[in-house]
Amino acid sequence: MPHLVELENIYKIYHMGDSDVHALDGITLTIDRGEFVAIVGASGSGKSTCMNIIGCLDVPTSGTYRLNGREINNYSNDELAEVRNKMLGFIFQQYNLIPKLSVIENVKLPLLYAGLPEKEQRQRAMAALERVGLAGKAKNRPSQLSGGQQQRVSIARALAGDPSVILADEPTGALDSKTGREVMLFLQQLNREGNTIILITHDNSIAARASRIVRVTDGRIVYDGPVEGDEIVAHGHTAGRGDTKEGEA
């Protein structure tokens, strides 16, 4: 069985005047079904570029990207959009909900784009809202919800399409620490239910909630392994018990 996500010698190079900037500098990475992986790095490390390529929001300058065994380097924009819609679920820092739409309409949106019948859209959206404990808020507008509830709506939207991979980009960045912990506990529960989750974050205490850490610095992977063995290279010290357990009380 192929790896679910496979990046092979991926480069992403931006031309800035007379110089080239290597946002990704030869990344090789595999992620299998059912994993919960945190891609961690400081601002400018390349972690967001990595997410954009995994999420088919960008394409590499060179190298090979396979998703569920399909090589998608040369896909057209329309083909990439189809992959995003059918195989990927996104959770963003700022929720990306449409204010004028109700909660259920926001959750249904990707299903509408996928061309599903209205009845199936509604059934899937309600099932996803039930999973995040917000079925009773289906008719509310996003502005009537707390930040944590809005993030759970965005999680429901990601789940509704039954994606192969859930990409969570700084999902706690706009939340207070207590609500952020609740969201991370929910993502851990989704992973226990079999969902593959790729978390993008700069926060070591949030990354420690995953089961595997991939640490990126200057466009290169400097650590790939279990949370317990992670060395916080950028800060020059080993992630001990205090780092790993921060925010878990």
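The values are calculated or read from the model by the stated rules, or taken from the named source; none is laboratory data. As the structure is a prediction and not an experimental result, all values here were calculated from the model. Methodologically, a virtual Cβ is constructed for each residue, glycine included, from the backbone with ideal geometry; neighbour enumeration extends over all protein chains shown. The area values use the complete protein model at the heavy-atom level, side chains included, leaving out ligands, DNA and RNA. Shrake-Rupley method; radii C 1.70, N 1.55, O 1.52, S 1.80 Å.
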Inset, instruction - Report, to the nearest whole %, how much of the accessible area of region 1-159 belongs to carbon and sulfur atoms, 1.4 Å probe, protein only. - result: 47 percent
Inset, instruction - Can you tell me which of 175-182, 10-17, 60-67, 84-91 comes out highest on packing, and rank the rest after it, using the mean Cβ neighbours within 10 Å? - result: 84-91, 60-67, 175-182, 10-17
Legend entry - Computed over the chain: relative contact order in percent, which uses C-alpha pairs under 8 Å that are six or more apart: 25 percent
Inset, instruction - Determine the per residue accessible area of region 109-242 with all protein chains present and a 1.4 angstrom probe, expressed in square angstrom. - result: 47 Å²
Inset, instruction - Would you please put 123-136, 34-47 in order of how densely packed they are, using the mean number of other Cβ atoms within 10 angstrom per residue and starting with the highest? - result: 34-47, 123-136
Legend entry - Read-out Cα extents along the principal axes in Å, derived from the coordinates shown; its label in (i) 49, 46, 41; (ii) 48, 42, 37; (iii) 62, 57, 31: (i)
Inset, instruction - Can you tell me the FRET efficiency between residue 123 and residue 81 if r is taken as the Cβ-Cβ distance and R0 is 30 Å, rounded to the nearest 0.05? - result: 0.80
Legend entry - Proximal lysines relative to residue 12, as straight alpha-carbon distance under 18 Å, when same-chain residues fewer than 8 apart are discounted: 47
Inset, instruction - Could you calculate the contour length gain from residue 177 to residue 18, that is, 0.36 nm times the residue separation minus the distance between their Cα atoms, to one decimal place in nm? - result: 52.9 nm
Inset, instruction - Return one number: the angle in degrees, 0 to 90 and rounded to the nearest 10, between the long axis of the Cα atoms of helix 103-113 and the longest principal axis of the Cα atoms of the chain. - result: 70 degrees
Inset, instruction - Run down the lysines and flag those whose C-alpha is under 30 Å from the C-alpha of residue 100, throwing out any fewer than 8 positions away in its chain. - result: 86, 108, 119, 137, 139, 178
Inset, instruction - Hey, can you grab everything whose amide H is under 5 Å from the amide H of residue 220? Only 5+ residues off in sequence or another chain; H modelled, so Pro and N-termini drop out. - result: 25
Legend entry - Amide H within-cut-off set for residue 73, under 5 Å, with H built and near neighbours excluded: 65
Legend entry - Separation in nanometres of the label points that stand 7 Å from Cα toward Cβ, at residue 135 and residue 162: 1.9 nm
